[in-house]
Amino acid sequence: MKLREGVEWAVHCCIDLSWVSPDRPVPAARLAAFHDLPTAYLNKQLNALGRAGIVSSRSGPRGGFRLGRKPQEISLMDVVTAIDGAAQGFRCTGIRLDGPAGAVAGRAGRRTGCAVERSFREAELDWRRRLAARSVADLAEAVRRADPAAPGRVRRWFDQHGPA
């Protein structure tokens, strides 16, 4: 499954926001600066997260983004869907029924489902279920376990660099 880089950016921003005080909105420019990303493009990802209710935003000089729900209530699949959409990754075009392959498959081939399509759909369903079972909080905890000082360093960076 190939995901756009915006999914990665969005997940990292959700983890960052989970470590920053929930009463402190973080401007898109600050999140972009923290990850050395283009602000305009990251803002599109944050707005997509906002439309999905994953983040909320406040405008104005003290505005920015914060998580719209508790981190344990935001699944990785929620983020993927917000950024990349809900469309299935595999699209069967039915080539097994085209050309000489169709003649070989015959009428029986037209009545039975495609094993290739079934296999890819099952794999994608497993993938989606696994992402749905992992939350932003789970991922933030995994990062914290690998680097216990990470949440504090993130909070300090945003405290020191204030609004954009």
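Put a dot 7 Å past each Cα toward the Cβ at ARG69 and ASN47; how far apart are the dots in nm?
2.3 nm
Highest GNM mean-square fluctuation, the chain, Cα pairs closer than 10 Å: which of ARG121, ARG91, ARG24?
ARG91
In the chain, if the dipole is taken from +1 on Lys/Arg beta carbons and -1 on Asp/Glu beta carbons about the Cα centre, which of SER56, PRO22, GLY85 is farthest to the positive end?
GLY85
In debye, nearest 20, what is the charge dipole magnitude of the chain about its Cα centre with +1 on Lys and Arg Cβ and -1 on Asp and Glu Cβ, if you could check?
In total the dipole reaches around 360 debye.
Expressed as an acute angle from 0 to 90° and rounded to the nearest 10, what is the orientation of the C-alpha long axis of helix 136-146 relative to the principal long axis of the chain?
70 degrees
Give the carbon-plus-sulfur fraction of the accessible surface of the chain in %, rounded to a whole number; probe 1.4 Å, heavy atoms of protein chains only.
Looking at the chain in its full context, I get 53 percent from C and S.
Mind checking the per residue accessible area of the range 1-55 for me, 1.4 Å probe, whole number of Å²?
Normalised by residue count, the accessible surface of the range 1-55 is 48 Å².
Between the range 1-40 and the range 56-89, how many Å separate their Cα centres?
10 Å
For n ≥ 4 DSSP H runs only, could you compute -39500 (n - 2.57) per run for the chain, divide by its residues and tell me the 222 nm figure to the nearest 500?
Here the helix-only value at 222 nm equals -19000 deg cm²/dmol.
The values are calculated or read from the model by the stated rules, or taken from the named source; none is laboratory data. None of the values given here were measured: they were computed from a predicted structure. Please note: Cβ atoms are built from the backbone with ideal geometry, for glycine as well, and neighbour counts cover all protein chains shown. Just so you know, the surface numbers come from the protein's heavy atoms only, side chains and all, with ligands and any DNA or RNA stripped out. Shrake-Rupley method; radii C 1.70, N 1.55, O 1.52, S 1.80 Å.
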